[in-house]
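The values are calculated or read from the model by the stated rules, or taken from the named source; none is laboratory data. Note that the structure is predicted; figures quoted are calculated from it, not measured. A quick note on method: Cβ atoms are made from the backbone with ideal geometry, for glycine too, and the neighbour counts reach across all protein chains shown. The protein model used for the area step is the full one, side chains on, heavy atoms only, and it has no ligands, DNA or RNA in it. Shrake-Rupley method; radii C 1.70, N 1.55, O 1.52, S 1.80 Å.
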Amino acid sequence: MQRAVRHAVPRAVLRRVLEALSVALILATICFALLHAIPGDMALRIAVGQLGTENMSPAAVEQIRDAEMLSRPLLVQYFDWLKAVATGDIGRSFVSGRPVAEELRQAGGYTLRLAVIAWLLSYALALPLGIAAGLKPDGAIDRATAFAAAAFSSLPTFLIGIALISIFVLALNLLPPAGYRRPEHLVLPAITLALGLMAPSMRVIRDAVAEVQASAYMTYAHVRGFGKAKAFIRHGLRNASVPIVTFAALQFAYLMDGFFVVETLFNFPGIGNAMVSALLARDVPVVMGCALLIGTTFAAISLAADLICMWMDPRLVDEGHGSR
Amino acid sequence: MAAVDQRLLWTIGAATAVTIVTIAVIIGRDPLHQDLAVALAPPSMLFPLGTDHLGRDVFARLFHALPRSIGIATSAMAAAVTIGTLVGLAAAVSNRLVDAAMMRLTDLALAFPGLLLAMVLAGLMGGGMLPVLVGIALGQWPQFARMTRSVAAAAMTEAHVEASRLAGLAGWRILLRQVMPRVLIHTASLAALGVGGAVLTISSLGFLGLGLQPPTPEWGAMITELLPYMDVAPVQIAAPCVALFVTVLTCMIAGRRLAEAI
């Protein structure tokens, strides 16, 4: 019995880590399948990418087929692909001829900076509003935020962005419309993403706080003579945090949906922009690179969120999953 | 329940009336007709919402785009509901191992961001109606599978199902007669919300240039095309924005109403 308890925590953690690894493996496999499923000769495409259409010759194509070992059995190529993915070397762009990893590192840096700012900004707005709404369910703040959340979730990201551009760029002439070099270039994309993110997280925070407020242990804390604020900080906050942390990780998915649109709208050179232009140019290695990077980041973030939840609420260890 | 049915009938009736009037108004208007002489013309009697950069009638384009977007969104949702319901029912009646395997698969598909999937599929297949439809359906089926499984599993433990089984009713009959109606009620509200989400995805893909291809009228693509003329053609760009917002909001409200009615 004691042994089982001692092993419960590492086993739950291990199980969750294995799950995240299998997600990454399946993702890499899907990418490999897609890469080989698209019609056309792969060696020819790589040759065009590296040399350009005018310098192409059948000899060059054959040379690349040998160099990239494309004539070997698919299974061998599959394991080589997995090895390549693990080391981060997934080939060259059909368009620029540069290694995909190099292109993505630069774009990823821009996107990461934008993501962190937008995410922090959305919680800077959603946390106070959500807690205020949850402390007084059906109060004025609760109704107003519920309405705002419903309206914002029916708005596609590009509409928020266009509205912000028409106000701050065209009407007030306060901010530059597009670019990425100066800090003020980040303002509008970050606000656009943050407003889209804020709507659902505000509701999740509100529900978590309202549920904790209605619980028996909060009533008991009041009975023991804790004031409202003290009872919430001592007992409410930690319990309300579990669903909030889980949702914060899920939001990465929303954030990514937003990136494609926001980066395209503001011409911001991040991963979303790279992926959209690679798709338009049918630059398959870059598309796969972006999908792999986004997918594995998503798996890593939800793993981290689950582990944090297990640490905050050890009861979750028994269930084996932090967040379900 | 009766009150809800009446309200639903009214809504359907109103929607049909609006559609008929719209069709009557736009008949004879060609959404693809270009006339550069009237490019970016402001709203007038002839062009109620002005013209775009190629002199096409924005009003006609707006209303020709509506049935297409709704049609794709509804078909994608129908496909997602079919796949999801089948997978969910299969998981609910299977043994534990098969059930666990199917639900893991569903979790995995659920973890994949929907727009990303639609983008990659539509992008690699070259845009157009079918890739967009397939991309959306593949992103949406897992939520229906998960919901079906939980509703069906709960329904099968109930007394009347047990009674039918003891009475000797065949397994598939029990599923069809007693489990499916329960599942479908829950599916309806999720699907209505899903249609709204799908309309959003279609317009996002159009906006990125990966969805329906020009010159097909589509709200997202219309917005992208007019973006460079934002300062001289505010009405033309606001029109598809408002249309999109109203359509999605309607689907969301319908979904929520259905959820409350359960």
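Scanning region B:210-232 turns up no residue that is in a helix (DSSP H, G or I), among the charged types (D, E, K, R) and in contact with a helix residue (DSSP H, G or I) (Cβ under 6 Å, 6 or more places away or on another chain). Here the condition is being more than 25 Å from the chain's Cα centre (by Cα) and closer than 30 Å to A:Ile160 by Cβ; of A:Glu211, A:Glu263, it holds for A:Glu211 alone. In summary, A:Asp207 fulfils each of the numbered conditions (1) in a helix (DSSP H, G or I); (2) within 12 Å of chain B (Cβ to nearest Cβ) with the single exception of condition (2). Filtering region A:84-100 to residues that are open to solvent by 30 Å² or more (accessible area, probe 1.4 Å) and not in a loop (DSSP other than H, G, I, E, B) leaves A:Val85, A:Ala86, A:Thr87, A:Arg92, A:Pro99. Number of residues in region B:122-156 that are closer than 13 Å to B:Ile202 by Cα and assigned to a helix (DSSP H, G or I): the value is 12.
With the structure loaded, tell me whether B:Asp52 is modelled with pLDDT of 80 or more and either in contact with a strand residue (DSSP E or B) (Cβ under 7 Å, 6 or more places away or on another chain) or farther than 19 Å from B:Asp231 by Cα (or both) or whether it fails that test. For B:Asp52, the condition - modelled with pLDDT of 80 or more and either in contact with a strand residue (DSSP E or B) (Cβ under 7 Å, 6 or more places away or on another chain) or farther than 19 Å from B:Asp231 by Cα (or both) - is not met. Against the numbered list (1) part of a helix (DSSP H, G or I); (2) open to solvent by 40 Å² or more (accessible area, probe 1.4 Å), A:Trp81 comes up short only at (2). Which residue is surrounded by the most Cβ atoms within 10 Å (Cβ to Cβ), if the candidates are limited to region A:249-283 and must be hydroxyl-bearing (Ser, Thr, Tyr) and within 27 Å of A:Gly97 (Cβ to Cβ)? The qualifying residue surrounded by the most Cβ atoms within 10 Å (Cβ to Cβ) is A:Thr264. Aliphatic (A, V, I, L, M), open to solvent by 20 Å² or more (accessible area, probe 1.4 Å) and more than 30 Å from B:Val248 (Cα to Cα): is that true of B:Ala188 in this structure? Spelling it out, it is not the case that B:Ala188 is aliphatic (A, V, I, L, M), open to solvent by 20 Å² or more (accessible area, probe 1.4 Å) and more than 30 Å from B:Val248 (Cα to Cα). The set of residues from region B:161-185 being closer than 30 Å to B:Val246 by Cα and open to solvent by less than 60 Å² (accessible area, probe 1.4 Å) comprises just one member, B:Val183. Of all residues in region A:284-296, those that are more than 11 Å from chain B (Cβ to nearest Cβ) and open to solvent by less than 50 Å² (accessible area, probe 1.4 Å) total 4. Condition check for B:Phe245 on (1) modelled with pLDDT of 85 or more; (2) more than 17 Å from the chain's Cα centre (by Cα); (3) open to solvent by 10 Å² or more (accessible area, probe 1.4 Å): one failure, at (2). Just so you know, in region B:100-121 the residues that are at pLDDT 80 or above and facing chain A (nearest Cβ under 8 Å) include one that is most open to solvent (accessible area, probe 1.4 Å), and it is B:Val120. Does B:Pro240 count as assigned to a helix (DSSP H, G or I) and within 22 Å of B:Gln34 (Cβ to Cβ)? When the stated conditions are applied, B:Pro240 passes them. Considered as a group, the residues in region B:84-99 that are under 22 Å from A:Val23 (Cα atoms) and open to solvent by 50 Å² or more (accessible area, probe 1.4 Å) include one that is farthest from the other protein chains (Cβ to nearest Cβ), and that residue is B:Val98.
Just to be sure, is A:Ser201 hydroxyl-bearing (Ser, Thr, Tyr), in contact with a Phe, Trp or Tyr (Cβ under 8 Å, 6 or more places away or on another chain) and in a helix (DSSP H, G or I)? Judged against the criteria, A:Ser201 is a match.
Picking from A:Leu75, A:Leu121, A:Leu104, A:Leu129, which residue would you name as being surrounded by fewer than 14 Cβ atoms within 10 Å (Cβ to Cβ) and in a helix (DSSP H, G or I)?
Exactly one of A:Leu75, A:Leu121, A:Leu104, A:Leu129 is surrounded by fewer than 14 Cβ atoms within 10 Å (Cβ to Cβ) and in a helix (DSSP H, G or I), namely A:Leu75.
Apart from one condition, B:Leu208 fits all of (1) closer than 21 Å to A:Ser277 by Cβ; (2) at the interface with chain A (Cβ under 10 Å from one of its Cβ atoms); (3) free of Cβ contacts under 8 Å to residues at least 24 places away in the same chain; the exception is (3). If you go through region A:154-176 and keep only what is part of a loop (DSSP other than H, G, I, E, B) and either closer than 17 Å to A:Leu193 by Cβ or at the interface with chain B (Cβ under 8 Å from one of its Cβ atoms) (or both), you end up with A:Ser154, A:Leu155, A:Pro156, A:Leu175. Residues being part of a helix (DSSP H, G or I) and within 21 Å of B:Ile136 (Cα to Cα) are represented in region B:166-185 by at least one member.
With respect to the conditions (1) within 11 Å of chain A (Cβ to nearest Cβ); (2) open to solvent by 10 Å² or more (accessible area, probe 1.4 Å), B:Gly220 lacks only one, and its number is (2).
Checking each residue in region A:177-192 for being surrounded by fewer than 15 Cβ atoms within 10 Å (Cβ to Cβ) and either of a type in the set (Asp, Glu) or not in a helix (DSSP H, G or I) (or both) picks out A:Pro177, A:Ala178, A:Gly179, A:Arg181, A:Arg182, A:Glu184. With the structure loaded, tell me whether A:Ile191 is within 27 Å of the chain's Cα centre (by Cα) and within 11 Å of chain B (Cβ to nearest Cβ) or whether it fails that test. Considered against the rule, which asks whether it is within 27 Å of the chain's Cα centre (by Cα) and within 11 Å of chain B (Cβ to nearest Cβ), A:Ile191 comes out as no. Applying the criterion of being under 20 Å from A:Ala208 (Cα atoms) and within 14 Å of another protein chain (Cβ to nearest Cβ) to the residues of region A:132-153, the residue that is surrounded by the fewest Cβ atoms within 10 Å (Cβ to Cβ) is A:Phe147.
Evaluate the following for A:Ser201: is it open to solvent by 10 Å² or more (accessible area, probe 1.4 Å) and of a type in the set (Gly, Ala, Ser)? When the stated conditions are applied, A:Ser201 does not pass them.
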